[in-house]
1. What number of residues in the range 74-97 are over 12 Å from the mean Cα position of the chain (by Cα) and under 23 Å from PHE109 (Cβ atoms)?
2. If a residue must be under 18 Å from the mean Cα position of the chain (by Cα) and either crowded, with 20+ Cβ neighbours inside 10 Å or touching a residue at least 40 places away in the same chain (Cβ under 8 Å) (or both), how many such residues does the range 18-55 contain?
3. Do we find that ALA156 is over 17 Å from the mean Cα position of the chain (by Cα), of a type outside the set (Phe, Trp, Tyr) and more than 19 Å from GLY104 (Cβ to Cβ) in this structure?
4. Can you pull out the helices (runs of 4 or more DSSP H) entirely within the range 133-232 that have at least 2 residues that are closer than 24 Å to VAL99 by Cα and hydrophobic (A, V, I, L, M, F, W, C)?
5. For the range 77-115: of the residues being in a loop (DSSP other than H, G, I, E, B), aliphatic (A, V, I, L, M) and in contact (Cβ under 8 Å) with a residue 24 or more places away in the chain, which is surrounded by the most Cβ atoms within 10 Å (Cβ to Cβ)?
6. Output yes when any residue across the range 195-208 is closer than 17 Å to SER79 by Cα, surrounded by fewer than 17 Cβ atoms within 10 Å (Cβ to Cβ), in contact (Cβ under 8 Å) with a residue 40 or more places away in the chain and not acidic (Asp, Glu), and no when none is.
7. Counting just the residues of the range 1-45 that are in a loop (DSSP other than H, G, I, E, B) and touching a Leu at 6+ places or on another chain (Cβ under 8 Å), which one comes out nearest to ARG226 (Cα to Cα)?
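Read the figures in this text as sums done on the coordinates, not as results from a lab. This structure is a prediction, so every number in the text was calculated from the model and none was measured. Cβ atoms come from the backbone with ideal geometry, glycine included; neighbour counts cover every protein chain shown.
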Amino acid sequence: MKIAFVSGTSIVNSDLFADWKTHSATTKYGTINYKAHGDHVILNRHGSGFPLPPHSINYRANIRALADLGFTDILSLNSVGSLRLNLTPGTIVSCGDYVCLQQGPQTFFDDELKGGAAGIDNNLIPMIVEKLAPEFTIQTGKVYVQMRGPRFETKAEIQILKNWGDVVGMTAAHEADLCREIGLRYNSLAIIDNYANGLAGEEIDFARFKDLVRDNQARVNRLFQRLLEIFA
């Protein structure tokens, strides 16, 4: 099955894709690099060089390139913070909706008075959930709250965001918006790397966050391995 995987630091830190060939694709929005193997590609949303922070990612080039390459099914893996004490670090979720109010949406409609119908298709998620069980349990139907970044949210902001959704991140809403605009089906998987700032009585900073991501890397590697088996 022809699948485009979109991820972030999990790709950089994984050796699963070491022998995948690197290619480039040029769009009117810019040039992106991706890795390909058979019917699959994997794209690092932060870029292949110095990783771009979330607010600087070239989302339009990323999504336009995947469409130009002939992909219609996109499977995204996002790192998120938990807004719920019962969603512990290491938990894998799938988000079915999102909130993105801090910044305007990414759009391809620069010169047209129109907009896409926002949403997440998750057409592959029921099959993924079934085939990953019992090794992985995926909690579905969660709500993703997107913040601008690159800083983490303040404790006061998290107290507000708890009323809006289940997890907080900085990238998925932009990708989902763009996919809907050009007819790509966006599928959400997210691994919880940390509790949101102050939620469990602990502060979060970038150094601590990187440590938590590193702690989850083996689990992410195994998840990617299983996904590649499922879509072989």
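1. Number satisfying all stated conditions: 1.
2. Selection size over the range 18-55: 13.
3. Against the criterion (over 17 Å from the mean Cα position of the chain (by Cα), of a type outside the set (Phe, Trp, Tyr) and more than 19 Å from GLY104 (Cβ to Cβ)), ALA156 qualifies.
4. 155-161, 172-181, 206-215
5. Looking only at the range 77-115, we keep the residues that are in a loop (DSSP other than H, G, I, E, B), and these are 83-91, 100-115.
Restricting the remaining residues to those that are aliphatic (A, V, I, L, M) gives 83, 85, 87, 101, 113.
Those left that are additionally in contact (Cβ under 8 Å) with a residue 24 or more places away in the chain: 83, 85, 87.
Numbers: LEU83: 25, LEU85: 10, LEU87: 19.
For the range 77-115, the residue satisfying everything is LEU83.
6. Yes, the range 195-208 contains a residue that is closer than 17 Å to SER79 by Cα, surrounded by fewer than 17 Cβ atoms within 10 Å (Cβ to Cβ), in contact (Cβ under 8 Å) with a residue 40 or more places away in the chain and not acidic (Asp, Glu).
7. LEU16
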